[in-house]
Structure formats: structure tokens, C-alpha cells
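For reference, the structure is listed below as C-alpha cells.
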Amino acid sequence: MISLLSVPQPRKSLVKGERFIRSDYKTETMEKKIRGMLRQKFGDLFRTLPRHHRAVQRATFATHPTFSTVDAAEVQKFSDKSAEWWDPEGEFSMLQLLNPPRVAYVRDQLNTNPARPSKPFEGLRMLDIGCGGGLLSESLCRLGGTVVGADASGDNIKMAKLHSRKDPMLWKGPGKLDYRHTTAEDLLAAEESFDVVLAMEIIEHVNQPLDFLRTCAQLTRPDGRLFLSTMGRTPIAYGLTVLLAEDILGLVHKGTHDWSKYIKSKELIDAVHSFGQEWVVESVRGIRWDPILRKWHVFEQEGMVGIGGFESLEVNYILSARRRIITQETLVA
């Protein structure tokens, strides 16, 4: 069962996957508790803890959805900062540093093309949904992937295209790069499909996250992979990503993160399993920041998400799921 907040269990009659439903009362109660707990230590700084009073309605899923999970305010937020995507001193510098370990994780999970280790993604059609300025898309292309980088912000796509023109290696193959100003829903409506779908650091910026995830799953071909990364909705995640990164250090502008949209790893795993018996989560690992070396590290131990293995201490994490080809043997097993 899936929830966006740690609230009492809903009626058992709810379909698995429906608990991306948030009540105003429960959300406010949880945030008041966290605000009070943190204020005892840090005083008035925690008066800025965000409050959510919006309920996410029950999802209905069509093969070709007519809804949109795009959050216009979030799109505008990143459009305003589109010029900084590749600035090593800009607001996306931490995301730039996160790119190498997450690419390495994708490479290790796919474990394809051992004959050409320098081009592990050759022959794979890959979708980087919410590609922003192309940080991940370019890396996938350089490693041989046929990549579609899609984003709801036209400004982000313009910046991605502009930067890609500076590197002729992106256009010499075997990888291919195609940037599109579009959405996951529009790609599905156009009957697009991919061997690998990557939704990295985007789930917490969309409306109706379960709808968005299901659309990503439908874009994934049988025997394909779905990669997801986001942040857990825990007090420590609020303290690090909002209080510290936004309010104290100013690494990113205020309002970049909406803590109440963060999703715990167990919730995300349940969401993937709700898509049907063909879906299996093969890996989930936490990602930690080393402030001394200024590097991100993916935990080596499988299933280790929070610091020390504690769910309450999870912040960033990454997940890999596979869409199995269902056979009679699979059903029996």
C-alpha cells in the first residue's frame, strides 16, 4: 500500500497503489509534529516548514491518458533557472556531481554489451523523462544509447540542445540524442516505447505521482527497465534538502523542494508492484553525500536506503525495476 505520509492505514478495500491520496488534516498534523520537534532544536528557522492543503485525487488509468501530471509551477521554476544547468557554480552543481554515480548504477544494473565496455548502452532505446538541461541524457548518449531527452519546459530543452552542439562526439555515434519539448503522457499517446526509461529527480516535481509513474511503466517495453530516483519523506531529508540547502547555505533557491511531495522507498516499491505481476523491483539503494570529498556515493549494500539501514534516516535513493515477459512458467512460479 502506498502513502505519501506516515498516516493510519486506510480501509483494506482500497486497491493496492491507491494510497497516493493525501488528506489535508493528516498532512497538516504530521507537519506540525515535525515542525514542533525541529523547532525545539533550531528555533524559528523551522517556521518555514512547508504546509500542504491539496488533496491528490484517486487515479484513473487509460492506455492513452488524457490527463497531465505536469505541475505548471514546477515547470516555470526550472525554466527560470534553465541557464544554470551546466554552470559548475550554479544551482544544479550538486546534480552535476550526482550524475556519475547514477550513470554507473544504471550501467551496472543493465550489465549489457560486455564486448564493448566503453559503449554499454549501444542498441538500447532510452528515455530520460524530465531531462532538464541534458545532464543525464548526454552521458547516456556518450555510452552508446539511443536517447530521447524529454522535458515539459521549452527553456530546458533549448539549453540542452545548445549545450549538446558543443560536443561533436554526441553526434558521431553509435549513440544518438533527440531532445523533445514534450511530456510522458504525450509520448505514450504517440505509442512510443523504450528499452530503458529513467525518471531521475523528477517524481517529487509532478502532480499525481502515481499517474506519472504508471505512464513511465507503460512506456517501458517488455523485458525493459525502469530507473527511478527521488528523496524519502523523512525529517532528516527536510533538514538537509530544505533547511540546509535552501534556507541556510543557499545552494538552491527557496521553494526548489516541496518536502511533502517526497516519497519513501517502501511507497515507491509498492507503487511499482501495483502496476501488475510483470513488474519486479530488482534493486534499491540509498545515495549519500560526502561533504569532505564533495562526492555522492551509492550504497554498496542492496536494500540499504537509509543511513545505517534505518528507514527514518533515508534521504536520496535510486531504484531499478524490470518489466518481465510473463509466460506460463512465470505464472506458475
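The values are calculated or read from the model by the stated rules, or taken from the named source; none is laboratory data. Just so we're clear, the structure is a prediction, and the values are computed from it rather than from any experiment. Neighbour counts are summed over all protein chains in view; Cβ atoms, including those assigned to glycine, are modelled from backbone coordinates with ideal geometry. Areas reflect the complete protein model, heavy atoms only, side chains present, ligands, DNA and RNA absent. Shrake-Rupley method; radii C 1.70, N 1.55, O 1.52, S 1.80 Å.
Of Lys119/Lys176; Lys77/Lys176; Lys81/Lys264; Lys77/Lys166; Lys81/Lys166; Lys119/Lys264, which ones are farther than 22 Å apart at the Cα? Listed pairs above 22 Å: Lys77/Lys176; Lys81/Lys264; Lys77/Lys166; Lys119/Lys264.
Remind me, relative contact order of segment 281-324 in percent, using alpha carbon pairs under 8 angstrom and six or more residues apart? Reported relative contact order: 47 percent. Accessible area per residue for segment 142-228, computed on protein heavy atoms with a 1.4 Å probe, is 38 Å². Across segment 109-214, the mean sequence separation of Cα contacts (distance under 8 Å, 6 or more residues apart), normalised by length, yields a relative contact order of 29 percent. For segment 165-300, the relative contact order is 18 percent, taking Cα pairs closer than 8 Å that sit 6 or more residues apart in sequence and dividing their mean separation by the residue count. Compactness check for segment 148-236: Cα Rg over 2.2 N^0.38 Å is 1.21.
Taking a Cβ cut-off of under 12 Å around His253, the surrounding Lys, Arg, Asp and Glu residues balance to a net charge of -2, with basic ones at +1 and acidic ones at -1.
Which semi-axis lengths, in whole Å and largest first, follow from the square roots of five times the eigenvalues of the Cα gyration tensor of segment 286-331? Mind showing how you got there, number by number?
Working: eigenvalues 202, 31, 11 Å².
One finds semi-axes of 32, 12, 8 Å for segment 286-331.
Shown for segment 83-231: the carbon plus sulfur share of the solvent-accessible area, taken with all protein chains present and a 1.4 angstrom probe, equals 51%.
Among the protein heavy atoms, those of Ser118 account for about 70 Å² of accessible surface (1.4 Å probe, every chain in place). Rolling a 1.4 Å probe over the protein heavy atoms leaves Asp211 with an accessible area of roughly 0 Å². From largest to smallest, the equivalent ellipsoid semi-axes obtained for segment 178-326 from the alpha-carbon gyration tensor read 28, 19, 13 Å. The orientation-averaged projection of the convex hull spanning the C-alpha atoms of segment 63-200 amounts to 8.4 square nanometres. Couplings 3J(HN,Hα) for segment 114-131, derived from phi with the Karplus relation 6.51 cos²θ - 1.76 cosθ + 1.60 (θ = phi - 60°), are x, 5, 10, x, 7, 10, x, 9, 4, x, 9, 8, 10, 10, 9, 8, x, 6 Hz, where x marks Gly and Pro. Of all aspartates and glutamates in the structure, the ones whose alpha carbon falls short of 17 Å from that of Lys158, not counting any fewer than 8 places away in one chain, are Asp80, Glu84, Asp87, Asp128, Glu138, Asp167, Asp178. Ordered by solvent-accessible area of protein heavy atoms (1.4 Å probe), largest first, the residues His297, His181 come out as His181, His297.
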